[in-house]
Every structure is written in C-alpha cells, then in structure tokens.
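Chemist: After the structure tokens below, expect a handful of questions from me.
Every number here is computed from the coordinates shown, using simple stated rules; none is lab data. In this text, all values refer to a predicted model and were calculated from it rather than measured experimentally. Every residue, glycine among them, receives a Cβ derived from its backbone with ideal geometry; neighbour counts consider all protein chains shown.
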Amino acid sequence: MKNKVGYVYDPVYLRHETGEHPENPQRLEAIMALLARSGLKERLALIEPRPATEKELALVHREAYITRIKEIGQAGGGYLDSETIISPGSFDAALYAAGGVIRAVDAVMAAEANAVFALVRPPGHHATPGQAMGFCIFNNVAIAASYALKKHGLKRVAVIDFDVHHGNGTQEAFVNDPAVLYVSTHQYPHYPGSGGIGETGRGQAAGTKVNIPLPRGCGDAEYQRVFEQIIIPVVKRFHPGLILVSAGYDPHWADGLAEMRVTVKGFAWMVSTIKALADELCEGRLVLGLEGGYNLEALAYSVKATFDVLLGETEIEDRLGPPPHYFPPDIDSLVAAIKKTHCLVSP
C-alpha cells in the first residue's frame, strides 16, 4: 500500500453546540472548508466513524461518570465544569468522537490506510476517568489506546501529545500502565497545572510518562530540540506497535489561549518526525486525534500541513508565517534535567 492517508469526519461533531465558546463547531468547519478548497480532501480516504460503545468508554471512564454525562445531555445540557459545556447533541458527538479515533485505529491495523487523522470534537485529553474538564468530555485518544491494546493485542502503544496544555487525563488513565508511553510537550506553568518533570508514572510504569514542561515563548527551534534530544530516543527505546497523537495546534503563535511561538511549518516538522518514527518502529501505523487549536486560520492551515506531510508533500503552505515577536527562552537546564530523569544521559 502506497502512502494511503485517511481522515475521520462526520457532521455529528457539529452537534456539540457551545455558542461563543473557543471550542466551537467553527473549528471543524474551517478545517473542512480549507481541505475542500485546496483540493486536498479528494486525495484522502474517508474513514466513517461509529459511536463508541459504553463498554469501550469504560476502558478509561467510570460507569457512573458515563451515565451522568448521558443524563445531563438528555436533560438539556449544562456545564460540566466552569469551561466544559454539554448541549443536547453533545453526548452523541462525544460518542462519535471516541468512536472516531477507535475507527482510525481499526483502519490502520487493518491496513486500510497508513495513517489516519480523526477530525473530531469534543476534544479529550483533559478528561479523567471520572471528570470532564478543559473542554473535554471523553478521553478519545486514551480510549483508543486502551482499545488498541485490548482488541488488537498490541504489547506497547505510544501517545505523543503536542497540545499546548498538558494531557492530565491521558496521564492519569495510564499512570500505572507500563504498556502505554505518554510523552507531552506543554507550556508550563499553565492550565491544568500538571505535567512536571517528576511525573514519570508509578510502579512498573515508572519512566513511561515523559513530561516536557516548556516555558512560554518556545518556538519551532525549541520544539525541534526536545523532539531530537528527548522524544525520538524515548519512543525508539519503547518501540511501540502503534503511535497515537493528541494533535493540538494551540502552541501556534497566533493562538490566544497560550503563549507559544510555533508556526505551521513547525507543526509540519513535528508530524514529519512522528511519521518517521512510525515508519521505523511500527510499520507506519499512525493515528492522530484532534485536540486544541482555537485561531481558526492557524488551526486550518496547520491541519492541512499535517495532511500534506502524511501524503509525502515537501512544500508546506504557511500563510501566517513566523511570529512577529520571538525571543527564544533558555531551555538548556530543562532539557538536561529531563534527560537525566529518563536516563538519556549518565546521571
């Protein structure tokens, strides 16, 4: 099979209605409009999602929590926390979001596609086993990782999270599980406050949770450095059978919810690097699930760049260009501390 790339999408994701909230249906509408306008959509294989079953949700979430979400949606919706909204259509959208990433896993495992990007919402990486938070209801990528281990008999799965916020829910889901490598680059200190260097997993899982808490102002060069010096070696050492990505584009310099300086081309480089790891380690099996990204233009062009990379294109369109102000922070001591923590250098 030659570089067949799939995408998951369905209008059901627009039924998660959030009004003027930053995480709103316009995010997916902007992405899909650009993919269609650029002609890229025609080069991709549609992988139709299905709803996750409650048994699949329970791979990560407590049954009482699942029931509560369903009942709140049926009662007309409301706030699950101060910033996480549920509308009458949100439960179905959330089922299809988790099921969409599961369907992407099935597609790459069955060689329907080399790589699949699940363009889903609501996002998921903040959702813990028993709590919605940070715009997230069900933890789509964590559920898919658990599903891959259980359904497809994989021994090891890696999750790489480049959203600007730490995926506390994903980390909590696997904090005791040595079969899942979780690697996160995130602005720190920042919401949700977790993701320090010392959070490495518990018991037999110690060392399988790799947190890279970056100071504000980091751009393409800093991200490239931590990928080359930390992420590539730890993923190679773990040698997963599948790589999942929590793909959040809010580190972009134009995104108002954080203070990073990544560009569209910076995201393309990161995805290219992850794709190379998947090609080397796990027969190219790569699944991405959409997380954050709230500047519509930056989000749409970054997602397009992701697909371009997956398709093997080398020319990346970056309409937004470099950040207007970029003063690179010093991350020498941070990188050294992480490498020491994870035995990437002699202690």
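Chemist: Where both partners of a DSSP beta bridge lie in the range 10-341, what percent of those bridges are antiparallel, to the nearest 5?
Modeler: About 15 percent, rounded to the nearest 5.
Chemist: OK, next. Residue by residue through the range 248-265, which ³J(HN,Hα) values in whole Hz follow from phi under the Karplus form 6.51 cos²θ - 1.76 cosθ + 1.60 (θ = phi - 60°), with glycine and proline marked x?
Modeler: x, 9, 6, x, 4, 4, 8, 7, x, 8, 8, 9, 9, 10, 6, 10, 4, 5
Chemist: Now for a separate question. May I ask for the equivalent-ellipsoid semi-axes of the range 185-343, computed as the square root of five times each C-alpha gyration tensor eigenvalue and listed largest first in whole Å?
Modeler: 24, 21, 14
Chemist: Summing Lys, Arg as +1 and Asp, Glu as -1, what charge do residues with Cβ under 15 Å from the Cβ of Ala158 carry, Ala158 excluded? Each step should come with its number before you reach the end.
Modeler: Values: positive: Lys155, Arg156, Lys209, Lys236, Arg237, Lys275, Arg285; negative: Asp161, Asp177, Asp279, Glu280, Glu283.
Neighbourhood net charge equals +2.
Chemist: Also: Could you please tell me the mean projected area of the C-alpha convex hull for the range 264-333, averaged over all directions and given in square nanometres to one decimal?
Modeler: Dividing the Cα hull surface by four gives the mean projection, 6.5 nm².
Chemist: Read phi for every residue in the range 226-239 and hand back ³J(HN,Hα) as whole Hz from Karplus 6.51 cos²θ - 1.76 cosθ + 1.60, θ = phi - 60°, with x for Gly and Pro.
Modeler: My calculation for the range 226-239 gives 6, 5, 5, 8, 10, 5, 4, x, 6, 5, 4, 5, 6, 6 Hz in order.
Chemist: Report the local net charge at Thr263: Lys and Arg +1, Asp and Glu -1, summed over other residues whose C-beta lies under 9 Å from its C-beta.
Modeler: 0
Chemist: Where Rh is the Kirkwood radius over the Cα pairs of the range 23-94, the temperature 4 °C and the viscosity 1.567 mPa s, what D in µm²/s does Stokes-Einstein return?
Modeler: 89 µm²/s
Chemist: Determine which aspartates and glutamates satisfy two conditions relative to Lys150: a Cα distance under 17 Å, and not lying fewer than 8 residues away in the same chain.
Modeler: Straight-distance partners of Lys150: Glu54, Glu56, Asp106, Asp177.
Chemist: For the chain, what does -39500 (n - 2.57) per DSSP helix run (n ≥ 4), summed and divided by total residues, give at 222 nm, in deg cm²/dmol to the nearest 500?
Modeler: The helix-only estimate for the chain comes to -11000 deg cm²/dmol at 222 nm.
Chemist: In addition: Considering only DSSP states other than H, G, I, E and B, which GluC sites (Glu not before Pro) in the range 275-339 qualify as loop sites with at most 10 other Cβ atoms within 10 Å?
Modeler: Of the GluC sites (Glu not before Pro), the ones in loops of the range 275-339 whose Cβ has at most 10 other Cβ atoms within 10 Å are Glu315.
Chemist: Now a separate question. Take every Cα pair under 8 Å in the chain that's 6+ residues apart, average their separations, divide by the length, and report that relative contact order as a whole percent.
Modeler: After rounding, I find 18 percent.
Chemist: OK, next. Out of the range 1-70, which GluC sites (Glu not before Pro) are coil in DSSP terms and have no more than 16 other C-beta atoms within 10 Å?
Modeler: Here the GluC sites (Glu not before Pro) that fit, given the DSSP loop and packing criteria, are Glu17, Glu20.
Chemist: Quick one: which residues, 5+ away or cross-chain, put their amide H under 5 Å from the amide H of Ala118? H built at 1.01 Å from N.
Modeler: Under 5 Å from the amide H of Ala118: Val8, Leu288, Gly289, Leu290.
Chemist: Which net charge results when you count Lys and Arg as +1 and Asp and Glu as -1 among the other residues whose beta-carbon is under 15 Å from that of Gln204?
Modeler: Summing Lys and Arg as +1 and Asp and Glu as -1 gives +3.
Chemist: Each residue of the range 201-217 in turn: what ³J(HN,Hα) in whole Hz from Karplus with 6.51, -1.76, 1.60 and θ = phi - 60°, glycine and Pro shown as x?
Modeler: x, 10, x, 5, 8, 4, x, 9, 10, 10, 9, 10, x, 8, x, 4, x
Chemist: Another one. So what is the diffusion coefficient of the chain in µm² per second by Stokes-Einstein at 10 °C and 1.306 mPa s, using a Kirkwood Rh over Cα pairs? Working shown, then result.
Modeler: Working: Rh = 19.7 Å.
So the translational diffusion coefficient is about 81 µm²/s.
Chemist: For the range 160-278, rounded, prolate or oblate, judged on the Cα gyration tensor with a ≥ b ≥ c (square roots of eigenvalues), a/c < 1.5 rounded, else prolate if a/b > b/c?
Modeler: On the way: a/c = 2.00, a/b = 1.31, b/c = 1.53.
Cα axes put the range 160-278 in the oblate bin.
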